[in-house]
Amino acid sequence: MAAASKQKWWKNSIVYQIYPRSFCDSNGDGIGDIPGIISRLHYLKELGVDILLLNPVFPSPGFDKGYDISDYRAINPEIGTMEDMERLISRAKRMGIKIILDISINFTSVEHEWFKKALEGDEKYKNYYFFRKREGMKKPNNWSSFYGGNVWTNTDSGEAYLHLFGKNQPDLNWSNPEVYNEIADIMRFWMDKGIAGFRLDSINVVYKNSLEKGKFSRALTGHEHYLNTEGCHDILRRLNADVWSNYKSFVVGETVLISPEEAKLLCDDSRNELDAVFFFGRIDAESKAAKRFRKEHNPNKIVRLVDKGQSIIDYPVNYLETSENANYVKFFTNNIQKKLYFEKLLTGLNLSLKGLPFISEGETGVDPQNIEDKDSLSSFYSKMIEFRKNSKALSEGMYRRIAAPNDVFVFTREAPEERLYIYCNFSAFNKSVELYGDRIIFNNYEEEVTDDYSLRPYEFRIVVSNI
């Protein structure tokens with residue numbers, strides 16, 4: 001299995017994540033759009049991007065950033081047309097860039113045709129969701145929502161419907177074979193147009209074993225009935241066999257409340273489910289990990305999280321946000337130059353880890369001129385991506401953490417013909433370190449290294465060993 005996995009086209013790729021509404025506005029209406037993305041394809045190719053992940057492009061009332069989808073087979077008119085999307089797919093393909101779509105198959109919008117028909121009393125479509133009779137003021141069960149409060153919303157017919165997330169996002173009933181068939185056909189629809197795969201939002205809560213009363217939990221009462229169920233694994237195996245494998249696609253799952261061991265079950269090659277999984281990996285400004293990190297001022301916690309994922313999952317997804325919205329970046333320093341060093345440190349770390357690096361649009365900007373500025377973050381991204389693609393150790397090698405002082409992360413990436421030592425100083429001070437390897441070949445400072453045994457504030461360094 002290991003040999004076969006290396007042949008998958010998406011291995012060693014660079015994934016660039018775009019929120020279309022904010023990326024590039026082509027017509028001056030204040031909203032980013034698909035023609036705007038097309039206009040930036042040459043810049044993305046120059047940056048070194050292989051895959052574009054488009055956050056939801058479907059029609060949506062927008063209660064949850066577009067994940068509340070009202071039509072799976074159309075394009076949100078605010079960002080373009082189906083013709084625009086087909087043009088984007090075609091032009092990206094000519095440039096060697098594949099496109100995957102961000103999609104939620106846990107729930108639809110309340111404005112989806114299926115749900116509207118369900119509210120009208122159509123029994124077929126009521127079975128697409130979870131409707132239960134109300135008994136006075138009593139809810140069908142005591143589950144709590146990811147967004148707070150109860151998971152049931154009343155209808156005018158004396159019933160209530162289930163939503164693990166917002167009340168405008170009614171959960172689909174994946175015990176109904178018709179729901180499976182609908183979603184499978186939707187995926188075929190997009191892959192027939194040339195889409196190369198999907199990011200599946202909150203995928204590990206897609207299947208409910210029952211609607212029984214839940215055990216009280218500070219986190220989510222009732223989660224034992226839907227979190228990481230065997231039914232979820234079965235759905236993914238079936239979609240893989242019936243749809244994804246026929247298109248040689250790349251499908252990545254975003255998950256909630258999951259351990260590295262559980263994440264491994266979702267993406268292990270031998271299980272034929274997902275290709276890859278975000279389990280903690282989106283260490284962004286809003287994640288619980290980042291909030292604890294900011295509160296406790298302790299970068300070693302982030303290092304431990306990263307190390308755990310690298311050690312357990314064969315091919316993890318890596319996503320370390322370095323954009324202006326990453327509040328933990330701002331926490332370290334308000335000094336513009338030091339902030340840039342820290343952003344480059346996170347960039348270097350993300351692109352040095354084992355697995356598949358994801359880049360968010362906010363991290364590099366969309367101005368091609370940024371690459372020409374040798375001191376810019378975009379320029380550093382471009383250089384680091386090129387370095388990664390030309391390095392067997394970074395693109396294919398094994399990972400091993402090495403003991404280091406507090407606030408310093410040191411690890412090796414090693415292939416048969418190359419061994420690299422990666423140094424990351426998360427401190428605002430110089431740090432003395434052991435020197436491994438033979439010579440420094442990459443770092444985030446323009447000034448030459450004067451002391452091989454000392455890391456400068458927020459320094460990222462790659463040292464090669466003559467093996």
Expected sort for 125-138, 60-73 on mean C-beta neighbours within 10 Å, highest first, is 60-73, 125-138
Area projected by the alpha carbon convex hull of segment 113-162, averaged over all directions, nm²
3.7 nm²
Distances over 19 Å make up what percent of all Cα-Cα pairs in segment 87-242?
58 percent
Segment 334-467, dipole about Cα centre (Lys/Arg Cβ +1, Asp/Glu Cβ -1), debye to the nearest 20
460 debye
Which FRET efficiency, nearest 0.05, do residue 181 and residue 467 yield, Cβ-Cβ r, R0 60 Å?
0.65
Can you pull the one-decimal nm distance between simple spin-label points at residue 372 and residue 304, each 7 Å off the Cα toward Cβ?
4.8 nm
Can you tell me the Rg and the Dmax, both Å, for the Cα atoms in segment 402-465?
11.1, 35
Among the listed pairs 8/45; 301/344; 8/301; 65/138, which are separated by more than 29 Å between their Cα atoms?
8/301; 65/138
Counting DSSP beta bridges with both ends in the chain, the antiparallel % (nearest 5):
55 percent
Under 21 Å from residue 338, Cα to Cα: lysines that are on another chain or at least 8 residues apart
295, 330, 374, 383, 431
Tell me, rounded to the nearest percent, the portion of alpha carbon pairs in the chain spaced more than 42 Å apart.
19 percent
In sequence order, what are the phi-derived ³J(HN,Hα) couplings for segment 125-141 according to the Karplus relation 6.51 cos²θ - 1.76 cosθ + 1.60 with θ = phi - 60°, rounded to whole Hz, with x for glycine and proline?
7, 4, 6, 6, 10, 10, 9, 9, 5, 8, 10, x, 8, 7, 7, x, 7
Tilt of helix 82-94 relative to the longest C-alpha principal axis of the chain, in degrees (0 to 90, nearest 10)?
30 degrees
The extension gain from residue 217 to residue 268, computed as 0.36 nm times the residue separation minus the Cα-Cα distance, is 15.4 nm
Going highest first, how would you order 23-35, 438-450 by mean Cβ packing within 10 Å?
23-35, 438-450
Residue-normalised 222 nm signal for the chain, counting each DSSP H run of n ≥ 4 as -39,500 (n - 2.57), nearest 500 deg cm²/dmol, is -9000 deg cm²/dmol
Which number do you get for Rg(Cα) / (2.2 N^0.38 Å) in segment 201-276?
1.17
How big is segment 344-467 in terms of Cα radius of gyration and Dmax, in angstroms?
14.2, 40
Could you check the simple spin-label distance between residue 139 and residue 415, using points 7 Å along Cα→Cβ, in nm with one decimal?
5.2 nm
The local net charge around residue 227, scoring Lys/Arg +1 and Asp/Glu -1 for residues other than residue 227 whose Cβ lies under 11 Å from its Cβ, equals -1
Could you give the length gained by full extension between residue 83 and residue 237, i.e. 0.36 nm per residue of separation minus their alpha carbon distance, to one decimal place?
52.2 nm
Segment residue 257-residue 337, length gained on full extension (0.36 nm per residue, minus Cα span)
25.2 nm
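Throughout, read-outs are computed from the coordinates displayed, never taken from laboratory work. The structure presented is a predicted model; accordingly, all values stated were derived computationally and were not measured. Cβ: placed from backbone, ideal geometry, glycine included. Neighbour counts: every protein chain shown.
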